[in-house]
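This report refers to the structure that appears directly beneath it.
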């Protein structure tokens, strides 16, 4: 047995077929060697180095500030014990065996999540610490890596997550995510998936539960109302990168919400009433497609389908129905109205100021003492222009018909007023026909009691401001 001391050694290490390159320098050893049989035992006291890992066109490179280990070589078996590698971004401890090209190793890793930013150049740099434990096993040219990671608190731009857990295995450039879970917006996100590094491809199946809408909406446009409620559902994601413009998503979402205002008024929020939604959706090429989407809002319910793009272009249609005595209509300035309503609508253009078409039918309508067996309205609106294509009603033997065109004082989508008090700037056209109307019933609509009797037939037209 001979003892030795080695100072300032430089090693260049690589594995054929693997994108990993390592240079170690300023290494200091002491140990012993026996020639027959060959047995080398040594302790690495210190050392520095550089590690580079290629991911397609991207290259991860880290400076190793310190490494120590115990190494034992007996014939064709290499054993590494008490390994410790330190870098500004991470610290690794571990041990392992290499024999006849087969590797078996275990390690612990403390990692600054910012070190992963090169894997996700399209998103903000993450912050927070990750702790992981793992193993490496298999032939040296294609080993399998298994990792379990935890992160108590991580941030990604304005987004924060807690209690991250990931169990994954990696072979070559493919990562199989067996399970991941994290806390976001007071709720949870968990799922499974795969991540291919070369070529890059992401596929995730995600379960969402009890995500706070108030917390989520605070991360978005601050001009939007603050919502109380929860978001849940299942989402399948596919993308060649982390860029949202290339993301594809599908499956189902459920939402329960209301505005956080204590006194719900239409001017305070587009959602001043309790709101529920379940949606079967698909997102691809920057466009959200809604399919089999049902919603309900305080006695008002229906279905909607269509598309909404990231550039604010919308093309939606729906079929709402309601009982007009529901509280939502009182808040809209329609108190005192009774009847059952069925409607169809369409929205096209920019969501903030769309073109709207609607057809509304009301059965057994009643307002004060005035009743209508059947009422039908067909209307178009765009900006401040409203066209009443047809408003017809039937009451016993009487008939009513109106059509016209109005100009509002402001675009209808920005008025946020009860339906009864839309400010009208001009009446461009108005035609009214009344056939055999019962004057006794019409008298109930007057602000003061006036005795009327008989039947009214009227044809009138007009325009003005």
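Readers should treat all values here as calculations from the given coordinates under stated rules, not as data from a laboratory. Since the structure is predicted, the reported quantities are computational estimates derived from the model, not experimental observations. Because the Cβ atoms are built from the backbone with ideal geometry, glycine has one as well, and the counts that use them run over all protein chains shown.
Placing a label point 7 Å from the Cα of residue 1 along the Cα-to-Cβ line, the residues of the range 18-35 whose backbone N sits under 17 Å from it are 30-35.
Where Rh denotes the Kirkwood radius from the mean inverse Cα pair distance, what is Rg over Rh for the chain?
On the way: Rg = 35.1 Å, Rh = 28.3 Å.
Taking Rh as the inverse mean 1/r over Cα pairs, Rg/Rh reads 1.24.
Would you please classify the overall shape of the range 273-338 from the alpha carbon gyration tensor, given that a ≥ b ≥ c denote the square roots of the eigenvalues, rounded means a/c under 1.5, and beyond that prolate means a/b larger than b/c while oblate covers the rest?
Numbers: a/c = 3.11, a/b = 2.43, b/c = 1.28.
Here the range 273-338 falls in the prolate category.
Given a Förster radius of 60 Å and the C-beta distance between residue 424 and residue 194 as r, what FRET efficiency does 1/(1 + (r/R0)^6) yield to the nearest 0.05? The partial results should precede the final answer.
Details: r = 59 Å, r/R0 = 0.98.
In this case the efficiency is close to 0.55.
For a label point 7 Å from the Cα of residue 30 along Cα→C-beta, name the residues of the range 56-80 whose backbone N is under 19 Å from it. Those under the cut-off are 67-73.
Fully extended, how many nm does the chain gain between residue 401 and residue 178 (0.36 nm per residue separation, minus their Cα-Cα distance)?
On the way: separation 223, 0.36 × 223 = 80.28 nm, distance 6.50 nm.
Full extension from residue 401 to residue 178 adds 73.8 nm.
For the range 102-162, the Kirkwood hydrodynamic radius from C-alpha pairs, put into Stokes-Einstein at 4 °C and a viscosity of 1.567 mPa s, yields a diffusion coefficient of 99 µm² per second.
Over the residues of the chain, the helix contribution to mean residue ellipticity at 222 nm works out to -500 deg cm²/dmol, using -39500 (n - 2.57) for each DSSP H run of at least 4. Peptide packing for 444-455, 383-394 was compared via the average number of neighbouring C-beta atoms within 10 Å per residue; ordered from the highest value, the list is 383-394, 444-455. Length gained on full extension, residue 285 to residue 116, computed as 0.36 nm times the residue gap minus the Cα-Cα distance: 58.2 nm. Under the simplified labelling scheme, the residue 348-residue 392 pair shows an inter-label distance of 2.3 nm, with each label point 7 Å from Cα along Cα→Cβ.
Pull out a ≥ b ≥ c, the square roots of the eigenvalues of the alpha-carbon gyration tensor of the range 307-465, then state rounded if a/c is under 1.5, prolate if not and a/b is larger than b/c, and oblate in the remaining case. Write out the running numbers ahead of the final one.
Working: a/c = 2.03, a/b = 1.64, b/c = 1.24.
Because a/c hits 1.5 or more and a/b exceeds b/c, the range 307-465 counts as prolate.
Expressed per residue, the C-alpha convex hull volume of the range 47-198 stands at 110 Å³.
Relative contact order for the range 273-403: what percent, with Cα pairs under 8 Å and sequence separation of 6 or more?
On the way: 324 pairs, mean separation 17.7, N = 131.
Here the relative contact order equals 14 percent.
The smallest convex shape that holds all Cα atoms of the range 1-100, its convex hull, gives 103 Å³ per residue.
Per residue and in Å³, how big is the convex hull formed by the alpha-carbon atoms of the range 299-382? Mind dumping the intermediate values first?
Details: hull volume 8.0 nm³, N = 84.
Each residue corresponds to 96 Å³ of Cα convex hull volume.
Separation of the range 52-125 and the range 137-169, taken as the distance between their Cα centroids, equals 14 angstrom.
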